[in-house]
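Asks: Here it is, the structure in full.
The values are calculated or read from the model by the stated rules, or taken from the named source; none is laboratory data. It should be emphasised that the depicted structure is a prediction, and the values quoted were computed from it without experimental measurement. Because the Cβ atoms are built from the backbone with ideal geometry, glycine has one as well, and the counts that use them run over all protein chains shown. Only protein heavy atoms, including side chains, enter the accessible area calculation; ligands, DNA and RNA are left aside. Shrake-Rupley method; radii C 1.70, N 1.55, O 1.52, S 1.80 Å.
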Amino acid sequence: RACYAGLDLASTTDIAALVYAFPDDAGGFDVQARFFVPEEGVAHRSHSGGVPYSQWVRDGWIEATPGNVTDYEIIRERIQEDATVYALKEIGFDRWGATQLVTQLQGDGATVVPIGQGYQSLSSPSKEMEKLILGGKIRFGKNPVLRLMFSNVTIEMDPAGNIKPSKRKSTE
């Protein structure tokens, strides 16, 4: 099944996300996600933030990579594995810290597209996403990590009425 991916990397304590969106014939999307965190921070994050990271790792919702930083090679391997199952059209990515992995993915044959994080790049897609969510056209099953992320996102607006997602007020 055809899909489009979004990749948001993290270096140390944040969650790295690899999200696949599978369009359907009715204008909606089925969403599947992989999340990655450094193994050494899982217990601390579970205790300090009140979010069950340890349980999510045990349940397979998050993959803990060895060490104290997220291992991008593991993310690359998961993308390669998934590309054998899904018809992966392109991977949108946040340019921050992604140069090496993106170069490797291009070498693997993936089509990668940089996605700016400002109002100009995100306003139109954010408005479309809001319509899809409110219309019940985004389906992500019972993924508790995505549920937490959706619940923590707020919208920032510039004076011209452009919007973009913000996690500024989120503690997690």
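Asks: Just to verify a result, which residue in region 141-154, among those that are modelled with pLDDT of 90 or more and touching a strand residue (DSSP E or B) at 6+ places or on another chain (Cβ under 8 Å), is surrounded by the fewest Cβ atoms within 10 Å (Cβ to Cβ)?
Replies: Top of the filtered list is Asn143.
Asks: Here's a follow-up. I'd like to verify a number: residues in region 44-96 that are outside any strand (DSSP E or B), among the polar types (S, T, N, Q), open to solvent by less than 40 Å² (accessible area, probe 1.4 Å) and in contact with a strand residue (DSSP E or B) (Cβ under 8 Å, 6 or more places away or on another chain), how many?
Replies: Going residue by residue through region 44-96, those that are outside any strand (DSSP E or B) are 44-62, 66-86, 94-96.
Imposing the further condition that a residue be among the polar types (S, T, N, Q) reduces the set to 46, 48, 54-55, 68, 70, 80, 84.
Subsequent filtering for residues that are open to solvent by less than 40 Å² (accessible area, probe 1.4 Å) retains 46, 54, 70.
Within this subset, residues satisfying the condition of being in contact with a strand residue (DSSP E or B) (Cβ under 8 Å, 6 or more places away or on another chain) are 70.
So the count comes out to 1.
Asks: Across region 5-38, what is the total count of residues that are open to solvent by 50 Å² or more (accessible area, probe 1.4 Å) and among the acidic types (Asp, Glu)?
Replies: 3
Asks: Among the residues of region 116-172, write down those that are aromatic (Phe, Trp, Tyr) and over 25 Å from Ile62 (Cβ atoms). Walk me through how you get there before you give the answer.
Replies: To start, the set of residues in region 116-172 that are aromatic (Phe, Trp, Tyr) comprises 119, 140, 150.
Passing the criteria: only Tyr119.
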